[in-house]
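The values are calculated or read from the model by the stated rules, or taken from the named source; none is laboratory data. Keep in mind that what you see is a predicted model, and the values were worked out from it rather than measured. Note that each Cβ is placed from the backbone with ideal geometry, even for glycine, and that neighbours are counted across all protein chains shown. These area figures cover heavy atoms from the full protein model, side chains too; ligands, DNA and RNA do not enter into them. Shrake-Rupley method; radii C 1.70, N 1.55, O 1.52, S 1.80 Å.
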Amino acid sequence: MKGLVRKNIRNITPYKAGKPIEETRRELGLKEIIKLASNENPLGPSPKALEAARKVLGGLNRYPDSQSFYLKQRLGKHYRIAPSMVVLGNGSDELIDIIIKTFVEDNEHIVTSRATFLEYEIIANVNGRRVVTVPLKDFKYDLDAIRKKVTARTKLVFIANPNNPTGTYVNKAQLEAFITSLPKTALVVLDEAYDSFIDVKDFPDSLALAKKGNCIVLKTFSKAFGLAGLRIGYAIADAKLTPYLEKVRQPFNVNLIAQAAAQAGLDDKHFLRRSRAAVLEGKRYLYRQLDSLGIRYVPSVANFILVDVRANSVEIFKKMLTLGVIVRDMQQYGLINFIRVTIGTAPENRKFIAALKKVLA
């Protein structure tokens, strides 16, 4: 088989997803399990989104609207932008793939950071595109070091803002200065999957940057809107760029249920406020508990926290699993002594702290 498979595919280390609840239940026979591994919304999906999803079930014999016309219109109204600036995707992962296929030539490359969203590098490698990575500095993107790696052959710079898995962010002044310094042939892709949980005042105005034409912004319905299972995200870019992305996008890539649920979810402002409040309150609780235990963590502006367990994170992950708590070990990110924990409901957060105390004792 080795001679049949492309070399770059053979060399890829696949993305390791958070361990599913059902798999854990089968393996360990546990009845009560909480999953705090994949940064999902602990409140579930928006009730309005659920209602909208049920209403379209009778039309599943028909293909969805390939252009997602009504959802684009709704997003345009939501952000006060032209609907032509929006491209829909089967989650942000597909949009990353579309962007790389659209813009990066064989002899060009991509620059990003280490210990960031793994799919930037994995998808680039699948497409046979070279990626240059730069270490984080104090758990944050080191924009000065990244700028030094940008050359005339650099086509894309991926920046997760906030960064996954560290929860840190690049502020408005830093990002604007960085983008201004880049050659006109380079595009910045800002991945803002966690922007709904931001509680700082100096976060960048990404839409203003997108309108200038040298920045593409990625957003998702998976986190704050609780629609991770429907796989729907979107890119916002200059209207001169989006037609090229649409050429690469597969027809019918966003399913009927996802389109309906996303439209309704945008209107559910009450649910969005509840989701945000739950995360901010839960984060304060976890900070207090970790501080009282003397456990170091990275302050986060997202719905997860990177925690230094001062031991091999894989072993800690396995021990917490036996207690019915699924967290994410950071071995694949090169952060050997860290786990990432999603901020859950109040009972879930308490169970996590109790399990962590027991495991680290």
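In this structure, is VAL254 surrounded by fewer than 19 Cβ atoms within 10 Å (Cβ to Cβ), assigned to a loop (DSSP other than H, G, I, E, B) and of a type in the set (A, V, I, L, M, F, W, C)?
no
Which one is farthest from LYS48 (Cα to Cα), of the residues in the range 246-273 that are of a type in the set (A, V, I, L, M, F, W, C) and touching a Leu at 6+ places or on another chain (Cβ under 8 Å)?
The residue in question is VAL254.
Just the residues that are in contact with an Asp or Glu (Cβ under 7 Å, 6 or more places away or on another chain) and either under 28 Å from PRO20 (Cβ atoms) or surrounded by fewer than 19 Cβ atoms within 10 Å (Cβ to Cβ) (or both), please, taken from the range 212-238.
Correct list: GLY213, LEU218, LYS219, ALA228.
For (1) in a helix (DSSP H, G or I); (2) in contact with a Phe, Trp or Tyr (Cβ under 6 Å, 6 or more places away or on another chain); (3) free of Cβ contacts under 8 Å to residues at least 60 places away in the same chain, each residue gets a yes or a no:
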{"site": "ALA193", "(1), (2), (3)": "no, no, no"}
{"site": "ASP202", "(1), (2), (3)": "no, no, yes"}
{"site": "ALA210", "(1), (2), (3)": "yes, no, no"}
{"site": "GLY213", "(1), (2), (3)": "no, no, yes"}
{"site": "ALA224", "(1), (2), (3)": "no, no, no"}
{"site": "LYS240", "(1), (2), (3)": "no, no, yes"}
{"site": "GLU246", "(1), (2), (3)": "yes, no, no"}
{"site": "ALA260", "(1), (2), (3)": "yes, no, no"}
{"site": "ALA264", "(1), (2), (3)": "yes, no, no"}
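What about ALA311, is it out of contact with any strand residue (DSSP E or B) (no Cβ under 7 Å at 6 or more places or on another chain), part of a loop (DSSP other than H, G, I, E, B), open to solvent by less than 10 Å² (accessible area, probe 1.4 Å) and under 28 Å from ARG114 (Cβ atoms)?
no
Are any of the residues in the range 350-360 open to solvent by 20 Å² or more (accessible area, probe 1.4 Å) and closer than 26 Å to THR13 by Cβ?
no
Being free of Cβ contacts under 8 Å to residues at least 60 places away in the same chain and within 24 Å of PHE221 (Cβ to Cβ) is the requirement here; does GLU22 meet it?
Answer is yes for this residue.
Checking the condition in contact (Cβ under 8 Å) with a residue 40 or more places away in the chain and not in a helix (DSSP H, G or I), which residue from LEU88, LEU95, LEU71 passes?
LEU88
Tally the residues that are of a type in the set (Val, Ile, Thr), assigned to a loop (DSSP other than H, G, I, E, B) and open to solvent by less than 10 Å² (accessible area, probe 1.4 Å), restricting the search to the range 314-340.
Matching residues across the range 314-340 total 1.
Condition test on ARG147, is it surrounded by fewer than 19 Cβ atoms within 10 Å (Cβ to Cβ), under 17 Å from CYS215 (Cβ atoms) and at pLDDT 95 or above?
It is true that ARG147 is surrounded by fewer than 19 Cβ atoms within 10 Å (Cβ to Cβ), under 17 Å from CYS215 (Cβ atoms) and at pLDDT 95 or above.
Tell me yes or no: at least one residue of the range 171-181 is buried (at least 18 other Cβ atoms within 10 Å of the Cβ), part of a strand (DSSP E or B) and not acidic (Asp, Glu).
Checked against the condition, which is being buried (at least 18 other Cβ atoms within 10 Å of the Cβ), part of a strand (DSSP E or B) and not acidic (Asp, Glu), the range 171-181 yields no hits at all.
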